[in-house]
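The values are calculated or read from the model by the stated rules, or taken from the named source; none is laboratory data. Only a predicted model underlies this, so the values are computations on that prediction, with no experimental measurement involved. No Cβ is skipped: glycine too gets one built from the backbone with ideal geometry, and neighbour counts run over all protein chains shown.
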Amino acid sequence: MKIYKLTILILFQIFFFSSCEDYLDLSPISEETSGNAYETKNQIEAALVGAYESFQSSEYYVWDNILFQDVRSDNNYAGGDNPEIFQIDLLGITPTHSRLFTHWSNIYNAISKANLVIERVDLISDTTLTDERKKQITGEALFLRAYHYFTLVKLWGGVPLITKTIVSTNAEDVNIARASIDEVYTQIIEDLEIAVTLLPDTYGNDASINKARATSGAANALGAKVEIQRPTPNYTKVLNFIDALENSEANYQLIEYPKLFDSNNYNNAESIIEIQYLGGNEGNYGPQLLLPPSISGDSWRKFVTPSVDIVNTFNDEGDDIRKNASILFESVNWVDEYWGNISGTSIPFSYKWKNANGFASADRQYLLRLGDIILIKAEALNESNQLSQAVIEVNRIRNRVALPSLTQAQQSSKDILRNIILKERRLELFLEGHRWDDLIRNKQLMTTMNNLVEIDLRTGNPINYNITEAKKLLPIPQQEMDRNPALVQNPL
């Protein structure tokens with residue numbers, strides 16, 4: 001069962017609140033019947049574990065978030081030989097693209113798991129499940145539901161808003177129309193504002209627990225990202241979320257940048273929440289798809305090739321620390337149409353994951369980390385006309401990678417500083433699945449992609465990305481349009 005595909009570290013959270021005997025007696029939800037499910041502490045804890053497991057089982061969170069954020073933007077090329085990934089790279093995604101329905105259905109399945117936990121937890125009469133733990137479970141599930149709806153609204157805009165388990169098969173109950181973008185964002189913020197009041201700063205001193213599950217810090221960090229991404233941000237609320245995060249007893253701190261991605265320092269002080277891959281059966285398949293032959297042990301063409309534009313941006317900034325932590329050059333026996341139209345050329349590889357291990361890597365993704373939130377704070381301060389305070393935050397990020405503080409010219413106006421922050425986010429968060437959202441939020445997607453100069457060396461001609469307003473959002477998957485007549489397709 002997928003419920004046991006979840007990492008041991010996530011499973012350990014159950015032990016943290018249960019006796020050893022209770023933990024060992026835990027059974028998969030699939031073994032329960034409608035008559036006995038969700039009556040005991042262990043059963044609802046198992047349902048919560050199943051909700052967390054969606055971060056591993058949903059392909060979007062494994063590595064497709066990089067495709068739809070970094071490859072779809074100016075950070076990376078498709079690489080590899082998969083036609084559908086080339087469609088993502090060249091902005092030619094159609095409603096029949098198979099990844100659309102996979103992600104739509106997987107993410108809604110994750111929301112359904114969270115809804116079930118929210119509905120059932122207060123009905124548990126097992127006296128070993130304390131009121132405090134019930135509140136925490138509710139808060140964790142609300143955080144998970146909010147995270148998934150944030151993913152959906154960024155990809156598709158307004159989507160069906162489902163906050164209760166659907167048990168009917170009647171058409172009027174299952175054919176749900178799209179809510180507006182604002183309605184979805186409002187629901188996400190409501191969930192997070194409640195979650196913040198229910199979740200602790202930490203669950204004790206074990207980082208492998210505190211970084212594996214939702215805390216008040218995670219809810220506040222996500223709240224800041226959600227509020228600044230919505231079409232009409234409330235920058236005061238963004239800063240309030242971040243202030244609460246900074247005052248958390250979790251004591252989040254920046255660490256040395258290379259240590260974030262050297263595979264030896266996960267669950268670190270900068271991490272707010274991360275996917276807890278352990279390797280083997282609990283492994284991450286993404287690194288095998290990206291890493292060069294010297295690391296992956298195979299010789300086929302790899303995916304998610306860093307672009308000429310991103311490498312030039314690192315070089316122009318003199319940003320060697322983040323570049324070397326993120327990109328590795330190696331000669332290859334295939335032809336790359338952007339880096340050298342002959343075999344044997346040295347090309348860049350995506351390198352924030354460092355270990356392939358035959359599709360079973362223990363390398364992880366950060367769902368939320370402090371470096372991202374500090375730059376969100378800088379952005380909110382700048383947009384609130386607090387430029388000097390915004391500069392302090394930007395310099396925190398720059399100085400830790402040995403870059404100089406911003407000059408007077410770089411901080412002389414809101415518009416200039418806005419572009420500085422956007423570039424800083426690009427270099428700081430490269431390959432972490434943020435670039436498309438950042439361009440959308442800063443209203444620079446159209447100009448960035450249409451002014452991007454990338455030369456196809458096979459022809460010597462530049463690529464025409466021909467981005468339009470319609471391409472900001474993904475098409476609703478055709479399978480879902482066929483199934484649900486209440487849906488209206490995004491402009492194509």
Practice item. For the stretch 67-76, state whether one or more residues are modelled with pLDDT of 95 or more, hydroxyl-bearing (Ser, Thr, Tyr), surrounded by 17 or more Cβ atoms within 10 Å (Cβ to Cβ) and under 18 Å from the mean Cα position of the chain (by Cα). Key: yes
Review point. Got a number for residues in the stretch 365-410 being touching a residue at least 40 places away in the same chain (Cβ under 8 Å) and of a type outside the set (A, V, I, L, M, F, W, C)?
Key: 11
Study note, to complete from the structure: Of the candidates 137, 107, 85, the one satisfying the condition of being part of a helix (DSSP H, G or I), modelled with pLDDT of 95 or more, within 22 Å of residue 167 (Cα to Cα) and touching a helix residue (DSSP H, G or I) at 6+ places or on another chain (Cβ under 9 Å) is 107
Revision key, fill the gap. (1) more than 30 Å from residue 299 (Cβ to Cβ); (2) modelled with pLDDT of 95 or more; (3) in contact with an Asp or Glu (Cβ under 7 Å, 6 or more places away or on another chain) all hold for residue 115 apart from (3)
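From 362, 356, which residue is over 24 Å from residue 456 (Cα atoms) and buried (at least 20 other Cβ atoms within 10 Å of the Cβ)? Let's see the steps before the verdict.
Numbers: 362 fails: buried (at least 20 other Cβ atoms within 10 Å of the Cβ).
Within the list 362, 356, the selection yields 356.
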Exercise for review: Six or more apart or on different chains, Cβ under 8 Å: which pairs go from a residue in the stretch 160-172 that's modelled with pLDDT under 85 to one that's of a type outside the set (A, V, I, L, M, F, W, C) and not in a loop (DSSP other than H, G, I, E, B)? Could you list them?
Suggested key: 166/112; 166/173
Review point. For the stretch 259-341, which strands (runs of 3 or more DSSP E) that fit wholly inside it have 1 or more residues that are without any contact (Cβ under 8 Å) to a residue 40 or more places away in the chain and more than 25 Å from the chain's Cα centre (by Cα)?
Key: 327-331
Exercise for review: Could you please give the count of residues in the stretch 406-424 that are part of a loop (DSSP other than H, G, I, E, B) and surrounded by 14 or more Cβ atoms within 10 Å (Cβ to Cβ)?
Suggested key: 1
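Residue-by-condition table, conditions (1) surrounded by 23 or more Cβ atoms within 10 Å (Cβ to Cβ); (2) within 22 Å of the chain's Cα centre (by Cα); (3) not in a loop (DSSP other than H, G, I, E, B):
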residue: 149; (1), (2), (3): yes, yes, yes
residue: 158; (1), (2), (3): no, yes, no
residue: 162; (1), (2), (3): no, yes, no
residue: 183; (1), (2), (3): no, yes, yes
residue: 186; (1), (2), (3): no, yes, yes
residue: 190; (1), (2), (3): no, yes, yes
